[in-house]
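Data first, discussion second: the structure below is written as structure tokens.
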Amino acid sequence: MKYPIGIQSFDRLIEDGYVYVDKTDMVYSLAKEGAIYFLSRPRRFGKSLLVSTLKNYFLGRKELFKGLKIEALEKEWKVYPVFHMDFNGSDYTRQGMLENRIRSYVSDWEKIYSLDSGEIGSDIGNRFVKVLRAAHEQSGRRAVVLVDEYDKPILDVLDVNKNLEEEHRNILKGFYSVFKSADEHLQFVFLTGVTKFSQVSVFSGFNQPKDISMHGKYETLCGISQEELDATFRDPIESMSKVYRCSYDEMRAMLKAQYDGYHFSDFMTDVYNPFSLLNAFDAQRISDYWFKSGKPTYLIRLLSHTDENMDEITGKYYAPKEFIDYKADVEQPLPMIYQSGYLTIKDFDLRRNLFLLDYPNNEVKDGFLSLVATKYFKGSESVDSWTKDAAFQLEEGRLDDFRAGLTSFLASIPYTMRRKENERERERYFHYTFYLIMRLISVYAVYAEKVQSRGRVDCIVETPEYVYIFEFKLDGSAEEALRQIEEKGYALEYASDRRKLYKIGAVFSSETGTISEWRTA
């Protein structure tokens, strides 16, 4: 089985015999049921391949679709003039790059349709309208416009160069406004991107696209569903199970925990990250392929502008207007974190129309939190190095070593980070510090702020041989923390567990910034 890793061209994928998860029935529906669409999906989720599939369909390349679902649906296979714009592959932090890229596209199309480009500096939008009109008149069919990664020119400069960011928004707004005046010449328009910037700032001025980003019918348009995984990839899963010396079902569960968990509508259909999944099949190893392929530095920059910590953002219910219908800016990082794929829908409350947002899977949770923690713990010792040691210490029951390492790590954090004006902010700082630390150790099952019938325990860590129940206090006493574990019955659910149980009461000192007291039972 040949895996199309890095292959974004539908014709190459088909002609060279790469495995293809058939989405062509949805492509047919898009083409027949609407005219102007917008789709938001995380990076490397197959948006470019989808655009290429649409391109080949509208070019009437029937031979490429032989044996696919669309073959039984499409009977005419008309050929349309197609205009494909891909904003990948350029560095838009350079002044003038965006305008040059657009002008280059339009100039090439003007040559195809024998049009005069006009004077230097002439309005690029009006020139594109003339191209669309000429294409319609010369071919006898309205034009198809496909725009891939429309938002990259904005993301490249977001919160880095305010002037260039505004310039790019204005250029794109002016360019897309031509779609309104060229409506009679357009058959189909499809735009993709990672984020859905406010229609007021970018998409105003032309007929509003139908946003199918959370449309139940198209939630698996990009990515791989559980049904598609089971139908297409049984052989590579069985092969990986031999490498990992486990059963097929165990291997399938490992892949699900690492790469599944995305939901793009309230139907809650599970969607796997296709880039990571295909890389795992190709390498026969589970690793953080998607996260390592690109770091969300723009999101880290945005998070620096908000007072909310990641533990206060995740695991909460939100109204659609808070993460879907929004104006993307530095004061509202949540929508961009969601659209970029670092959070996803985990539950839907139909009665209240609220969505629960959390990390989609282990790859995203571990990678993103590691990046957040590295930024948060700036100036301290290596985060990754210590957390790896801590995980092994807990696995082996070396609680004294874990305590020593935790104490040392906390002591390495600069005083300026933990210096807070009031008690509430001090508690918030230590809570978030503890949250990041325990989340980063989650090679094993780690439950931070776990809700039980009689209360909320600070943290439970489960390893193959040990269970650790932690209760932390700020400037309190370890005895008080242990007493709370007993009185609230936090250990009751482990009464019949064969693993050795440790109950730990620990005290954070706001004065020293580290562990001042530690007791185990």
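The values are calculated or read from the model by the stated rules, or taken from the named source; none is laboratory data. Please read these numbers as outputs of a predicted model, since none were measured by experiment. When we count neighbours, we look across all protein chains shown, and the Cβ atoms used for this are built from the backbone with ideal geometry, even at glycine.
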Test for Arg498: is it over 22 Å from Asp401 (Cβ atoms) and part of a helix (DSSP H, G or I): no
Of the residues that make up segment 265-282, is at least one loosely packed, with under 15 Cβ neighbours inside 10 Å, touching a Pro at 6+ places or on another chain (Cβ under 8 Å) and farther than 16 Å from Arg43 by Cβ? no
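Any idea which of Pro209, Pro236 is at pLDDT below 95 and either out of contact with any Lys or Arg (no Cβ under 6 Å at 6 or more places or on another chain) or more than 25 Å from Val372 (Cβ to Cβ) (or both)?
Answer to the check: Pro209.
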Note down all Cβ pairs under 7 Å where the first residue falls in segment 70-96 and is without any contact (Cβ under 8 Å) to a residue 24 or more places away in the chain, the second is of a type outside the set (Asp, Glu) and assigned to a loop (DSSP other than H, G, I, E, B), and they're at least six residues apart or on different chains. Trp77/Gly60
Considering each residue of segment 284-307, count those that are surrounded by 14 or more Cβ atoms within 10 Å (Cβ to Cβ) and in contact with a helix residue (DSSP H, G or I) (Cβ under 8 Å, 6 or more places away or on another chain), and give that number. 12
For segment 475-513, give me each residue that is surrounded by 17 or more Cβ atoms within 10 Å (Cβ to Cβ) and touching a Ser or Thr at 6+ places or on another chain (Cβ under 6 Å). Tyr502, Ile504, Val507
Please go through (1) touching a helix residue (DSSP H, G or I) at 6+ places or on another chain (Cβ under 6 Å); (2) at positive phi for Gly261 and return the number of the only condition it doesn't satisfy. (1)
Residues satisfying the stated conditions in segment 230-259, i.e. more than 24 Å from the chain's Cα centre (by Cα), farther than 20 Å from Val21 by Cα and surrounded by fewer than 16 Cβ atoms within 10 Å (Cβ to Cβ): Lys242, Val243, Tyr244, Arg245, Cys246, Ser247, Tyr248, Asp249, Glu250
